[in-house]
1. Tell me which DSSP H helices of chain B clear both cut-offs, 30 Å or more of axial length from alpha-carbon atoms and a mean Kyte-Doolittle hydropathy of at least 0.5.
2. Could you check the simple spin-label distance between B:Glu314 and B:Ala115, using points 7 Å along Cα→Cβ, in nm with one decimal?
3. Within 10 Å of each Cβ in peptide B:550-556, how many partner chain Cβ atoms are there on average? Round it to a whole number, please.
4. Per 10 Å bin, what percent of the C-alpha pairs of region B:657-892 does each bin hold, from zero upward?
5. If the reach is capped at under 13 angstrom between alpha carbons, list the aspartates and glutamates near A:Lys152, excluding any in the same chain fewer than eight residues apart.
6. Among DSSP beta bridges whose residues both lie in region B:657-892, state the antiparallel percentage, nearest 5.
7. Take the alpha carbon atoms of chain B, find their radius of gyration, then divide it by 2.2 N^0.38 Å using N residues; give the quotient.
8. Would you look at the GNM of chain A, springs on alpha carbons closer than 10 Å, and say which of A:Val168, A:Val134, A:Val120 moves the most?
Amino acid sequence: MHKLKSAILLFLSGFIAPTSAGASIETATLTNHFIASAEYRPGQSSKPAVLVIHGFLSTRNFLTVLNLTTALADSGYTVLAPNLSLGVNMRDVSLACEAIHMHTLADDLAEINFWVEWLVSHGHKTIVLLGHSVGSLHGLLYTLEFKNPAVKKLIATSLVDMESVISVAVSQAQIKKAQALLKRNDNTLASYQLSYCKKYVAPPKAFLSYASWTGQSVLHALAKTSVPVEVILGGSDSRIGAAWPKQLRNAGVNLHVIPGANHFFSNEHEFDLLDSVMVALRSVH
Amino acid sequence: MDSFLNTRPAALSRSTAVAGFKMRSKLANMLPLSITAYGLLFILLGLLLFGGFSLLTVSELYTLHVETKQRNLHLAQEELQDTVLHVLAEGEKLAMQFAEWDESLQQFSNSNYYAYWRENRVPYASFAPHDLAGVELYNQAGVALARPQDNDMPAKLSLPITKTTLVRHRDSDNLYFTAPVAYDKQRNDIVGYVVVKIDLKKTLTEKQRFRFADKNTIATDLQDGQTIAAPGIVQHIHVADVPNAGFDQLQDLMLSTLQRFAVIGFSLAALLLYLLVHIFGLPSRRLSRHIDALRHGDRTLLQDTRMHKLSVAEFEKVRLSLNEYQTQLDHRDAEIRESEMRMRAVLDNVIEGIITLNEQGVIESCNPAAGRIFALPEHDIIGRSITSLIADAAQPAYRSYRNECFKIPLRQRHGNEACELTGKRGDQSEFPLEISLSRMQLAQRQLSIVVARDVTERKRSHDRLVYLANFDELTGLPNRTLFRDRLKQAIAHAKREERLVAVIYFDLDHFKKINDTLGHHAGDQLLLDASKRLRDTIREFDTVARLGGDEFVVVLGSVRHVEQVTEIATKLLQALEMPFALEGQEAFVAASAGIAIYPLDDTDIDNLVKNADTAMFRAKEQGGNSYQYFKAEMNAKAIHRLKMESALRYGLERNEFELLYQPRVNLHSGAILSMEALLRWNSQQFGNISPVQFIPLLEETGLIVPVGDWVLKTACEQTRRWHKAGYGLRVSVNLSVRQFRQKDLVKRFRSILHAADFDPQYLELEITEGLLVENMDAAVTILQNLHDVGVRISIDDFGIGYSSLSYLKRLPIDTIKIDRSFVADITDNPEDAVITAAIVALARSLRLDVTAEGIETKAQLDYLTLLGCDEAQGFYFSTPLPAQEFEHHIAQRHIVSKSAPA
């Protein structure tokens, strides 16, 4: 049913997105020769541009991301919402968990950097990274990997680590297993549990690039980044640990919890999320 | 009895449509079907309908099957083609989907994990059908990225590959769909190709749904290794047969439905039958039996406890109502029976006969009493006309009575007065019957009820009472009451006829002595014998009555002369003088008689009786055994009469009688052709007695008979002598009433004529009209017999006696003799002349001779001659003459012819 709903929304988004005023699909050949695309909605120049990063294996048309994109664009913000290629040219559908995942996190970060520089090249000096779920992790890790001065803020909605859904024990075992294969230069595809994927098929290197980002790692990253981070979580997000909000607060993270919202800020919490994002964006000049 | 209570219904009319009427009646009277029969009939009809429907359905189904199969075959083929085209389209689409699948493109970037892609991702692609036979990727050169696992998949594609192809390989027909894979779909920079293989047969038979085509009969006509490129592929795939699954389904459905219907139907039918039988049938049958039993008068079911409550409310109500109604009927029936029995008992025991008649007077019913009254079985009476039970003589009286009864309106429901008739029994004997007739209306019919009573006993009793009221019980003689009545009648009669009535009062001498000495029984016997003797002595129309004790009285009516009384009184005394046999002994009683004459002595009845009584005492004082007239002079007359009577008795012995002859002159010829013989008595004691005196005495005493014989004999002998002398004379003699009454008159006359050797044609008997008064029929017979002998008959003294002239056409009369009374004044009295003329004319018209008597003058003679009279007799011609003088007289007169017999 969820899939059907997503498909319907996706279908409808095909009509909505192109009809948005000024919206365009920008394509580019990446350095890895994959062709990626991003939806660009130019806004007011007085307002920062927002680079929206979708969740794990998802696309910019995921409902939560699409709503943010649309709302921000309607509010006059310049929005750029790319689809991370994940090793697929012109990827515009979610990548199945069972697909062979050759992409690495580093590839994702490089692709994000591409788009940041694209925005800069298009005159946007103030850029806010707005991520959702693993996209928030992407944004956080980008701020650590690529210190682009144009990026003024990171708004991390539903920030998760890669162990958030699976147990730590399983996660550690998988990591160990993958490390063992890597050590043997064995690029055998293996099926791992990663994030919400119960069967994440990837070679060990690709797997480890994501799986190593545990909760602690994320907290460390939060502590290390120089970009202001504002985390917005749903009070009923079942994909995060119960202690995660506290851990984030303890880490000194600017955390805003929307009570009752789930990981995707569904239903009325969509507006709560938007309000929180707007508030977070107003502080960016 | 039953027939009396149950009035016979009217008979059915017998029209020409009686047969149809009987049929309709028969059908109308037939009972309808029972509920069970209706139920069975309904079930049978249902089964027939079901069977017929089933047969019809099967027939239509078969036709439908054939047509449907043909149509379905056509449709199957079309469907197959459409399906193949769809499969082709889907296959092409599938190839395009694989070509566009990001993971397919990924393989071209890194084919290290191609095996994983082919084995783990391709089958689980969301768009990959389960019957996907194979997917392979080929590089731009058309070389497979990996060695195809399926030998059917080519290791290298023949380029350009643009069309879908169907390849038959061994037993399988596979479709190969090729689609280019490009990095940029918009730029269409092809990096390779994807080839999707679909097992056509498997797809068609396992994955596709056919409405019409039979999967098992789909086949291609390709040879092994033959390759056919689209769009020609469709032409090589065929459906050999169609399952007509729809029909099969329909058939199965129909059969199953029919089976279900049959099962349901039979179940329902069985249930219905059970319901009908047990709920309706049995109860209705029980109810029907109940009603039937009641109809036939069987009341036992009323008390049958097994007739428990019926299962249907309406039936139960009917049963209860029936029982209640039957109970009421029983009560009413009992009342009616009791009433009927009472009625029956009344009708059976009543002594009156009760008869019902229909409108035609036919007897419909009667009670036993009627049978007893008419001495006929009841069933014999029924069906008769009521008139058959009534004597013929009483029919007019019955009809008159009935008509009177019918005049009374029906609403006046009271019995009519009774009518006394004479009934007729079965043995045709008649009896006094009294009936009373009433009318009634019963069921649109008007009936009559006749109550009949045999009143024989009542009448007998009444008669006895009447008898006892009028007759002496011991002797049977009229008693004082009746005597007075008889005397009154006799006086009334005598008064009309100017006759006398004599009352002779008798008292038996020495009766008391007899009664005292011999006893009352002897005394009664004496009275009986005396009364018998008195009764036997008197004339038939006289009366003897017993006034009481030993007193009797005799009423002599219609007495002409006192001498008659004397004679009868003398006879009566003589009769009583004869000894009586009493108690084995002879007893001499005798009697004393007193005579009173009406109207000479008195006209009052009581005075007459008293006078007779007085005269009786006078006779008793004179010693009894004699009579005395009330008036002394009558006694002398009586004595004189007796003496004369006595003298007359000896007249014949003493030859004191003589015949004189008076001639009758023929007025046409003037000749004497006949004479009348007239009797004269020259009594030695009394001298010449006028015929006026002695002839009545002869008549009264009965001496006229022997004297009359003597007259006839003498006249015939004398006339015979004259015949022999050459005188053809006819002699007429008078015939008296007493003579005429003699039964052997004709025989005696024939005897006398025969003895005298006399030709009857020369004898004429003169009779008077008074002779005809008593019995005309007897007179006709006697006179006819005499006439047959040859004797002529003449009516003497015509015109002064019998008033009716009808005898003239009945009696064999030859001559009418006009009475002298008319002749005497014929020339002076126009009336006598007219009467005489009429008599002559009457005689002429009847072709009778007419003789006038008493001619004394010439004028009379002339007149009579003028009238046409045939003969005349009278002093004018001659007085009656003795024979010798007569002979001398006729010798002196001219006789027309001597036609005397030899």
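1. For chain B, where a helix must reach 30 Å along its axis and average at least 0.5, the hits are B:35-100, B:245-274.
2. 9.0 nm
3. The mean count of partner-chain Cβ atoms within 10 Å per residue comes to 0.
4. All Cα pairs, binned at 10 Å, distribute as 8, 33, 38, 20, 2 percent.
5. Result set, ordered by chain and number: A:Glu230.
6. Of the beta bridges lying entirely in region B:657-892, close to 40 percent run antiparallel.
7. Normalised Rg, Cα atoms only: 2.50.
8. Comparing A:Val168, A:Val134, A:Val120 in a Gaussian network model of chain A, the most mobile one is A:Val168.
Where a number appears in this text, it was derived from the coordinates with a stated rule and is not lab data. Keep in mind it's a predicted model, so treat the numbers as computed, not measured. All Cβ positions, even for glycine, are placed from backbone atoms using ideal geometry, and neighbour counts span all protein chains on display.
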